[in-house]
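Here's the structure we're looking at; comments come further down.
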Amino acid sequence: MEKMWSGRFTQDASTLLEKFNASIMFDQKLYREDIEGSIAHAKMLAHQGILTDEECSLIESGMAQVLSEIESGSFEWKIGDEDLHMAIEKRLTAIIGEAGKKLHTARSRNDQVALDFRRFVLRKNREITGQIKALMGVIVDIARDHTTTVLPGMTHLQHAQPINFAFHLLAYASMFKRDCERFESSAHRNNISPIGCAALAGTPHNINREMTAQSLGFDSVSINCLDTVSDRDFALEILFNISTLMMHISRLAEEIILWSSYEFRFVELSDEYSTGSSIMPQKKNPDVPELLRGKTGRVFGNLMGLLTVMKGLPLAYNKDTQEDKEGVFDSVETAEISLEILREALKTMTIKPQNMARACKLGHLSATDLADYLVEHCGVPFREAHHITGRAVARAEVLGIDLSDIAYTELHAIDERIKEDVMPFLAIEHSMNARVSQGGTAEVRTLEQIIYFDHYLKDIK
Ligand code: ARG
């Protein structure tokens, strides 16, 4: 097949090279960005007197036809066309003739791909942010119903202090809010137009980069063409942002897996979002959170992959950068489906407050409260209070009960400064509600956090 760049060549490319060199199998995903970018470029060329108005409108109507062919599935993607840029331009020329051949004036595929891919990534930054906010909305709605549902807060995966379930969920809302901010700040930082950089050094044609930038919704025009055609920071950033998002998702997924086990039974996933075993008829498996945890691996891999492609690349464009797309497409798709299924799985998950409450009776969760009581009400220095409490815990262990159920007389026998007024301090709810410091788990503080997130999410309601 004759290539658009074949002027200086005397032999056809080998089919092996065609296959190896092509990106058309995957970069066709950028067709929208490519067509919009070409139309903006053509309009600018016409405005500058480089194309006639007739040529520009031919390009516009031709591109409308190309777009509809692509969207209806009748467009033929051929490996011999190498990439979508050439396939689209070739089809345009077949439809409109000579004017199609003028479109590439003052442009190179180097700034063209930089434009298309950057705009795709900017769009995905926005879409993923919207999806994270929708997930946060579901989390906050569940939290609203569980500000008094106590469960053991853990450190080292050991029972530590009682907290409420809303407080626990809102920890994830906090992570996801940071994720939104990361996607948004990346979109803001990278909203800079590459079009008009041409191959690497700019162009002698009298173009107007401000105009294309503005019509495509960019905040500004890039500073240095040499940098711009080989800059893939925006792609690295979305890969990092998705990696961090998926790392957060994997932590929640891990907790859901643990909570669904018979050892915990704090939650039960709906049948709709659970799977069975092919051999064990009784099983209901948490495949959804397991896959969420597992898919985190591939998005980390995609980040490492592109960092490695970019490392040590000399200026400016090198074909290596064609390897930038598949990893980003894969990470974006992974993030999108993960956010969607996590949202649905959470919405339909049953929460079991009784089992959480039962777990609070294991592990002497109110031990810190006894120590705090000794400090505040008996004037005992904290280190000594810690020691006395340790003895009380040992006594409860001997009696085979939880510290929250120990009799006052047992405590008084350990240290006579402990009075009967200690009893409320040992209750699990009291312990949770005592933590009133800012950002703490007390119900009043948790309610403040719900208001905070409601305010953050007000635009999605
Ligand atoms: N398919 C190429 C890519 O994805 C487009 C740019 C090619 N430019 C070039 N001069 N070969 O990077």
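The numbers here are math on the coordinates, done by the rules we state, and not lab data. Just so it is clear, the structure is predicted and the values come from calculations on it, not from any experiment. Positions of Cβ are backbone-derived with ideal geometry, glycine not excepted, and every protein chain shown enters the neighbour counts.
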(message) With no other cysteine's Cβ closer than 4.7 Å, which Cys residues of the chain count as lacking a disulfide-compatible partner?
(response) CYS56, CYS180, CYS360, CYS378
(request) Would you mind calculating the relative contact order of segment 363-426 from Cα pairs under 8 angstrom and at least 6 residues apart, reporting the percent as a whole number? (result) 41
(request) Could you grab the relative contact order for segment 24-89? Cα pairs under 8 Å, six or more apart, rounded to a whole percent. (result) 51
(request) Give me the distance between the Cα centres of segment 213-291 and segment 378-402, rounded to whole Å. (result) 43
(message) Test of the criteria: in segment 388-461, which GluC sites (Glu not before Pro) are in a DSSP loop and have at most 15 other Cβ atoms within 10 angstrom of their Cβ?
(response) GLU416
(message) With +1 assigned to the C-beta of every Lys and Arg and -1 to the C-beta of every Asp and Glu, and no other charges, what is the dipole magnitude of segment 363-426 about the Cα centre in debye, to the nearest 20?
(response) 180
(request) Round to the nearest 0.05 the FRET efficiency obtained for THR308 and GLN282 when R0 = 41 Å and r is the Cβ-Cβ distance. (result) 0.35
(request) Give the angle, between 0 and 90 degrees and rounded to the nearest 10, that separates the Cα long axis of helix 84-96 from the longest principal axis of the Cα atoms of the chain. (result) 40
(request) About the Cα centre of segment 218-310, how large is the charge dipole given +1 on each Lys and Arg Cβ and -1 on each Asp and Glu Cβ? Please answer in debye to the nearest 20. (result) 360
(message) Between 0 and 90 degrees, rounded to the nearest ten: what's the tilt of helix 367-378 against the longest Cα principal axis of the chain?
(response) 60
(request) Round to the nearest 10 and give me the degree value, 0 to 90, for the angle of helix 325-347's Cα axis relative to the longest principal axis of the chain. (result) 40
(message) Give me TRP259, TRP5, TRP77 sorted ascending by neighbouring Cβ count inside 10 Å, so fewest comes first.
(response) TRP5, TRP77, TRP259
(request) Quick one: compute the contact order of segment 6-118, relative version, from alpha carbon pairs under 8 angstrom and 6+ residues apart, as a percent. (result) 37
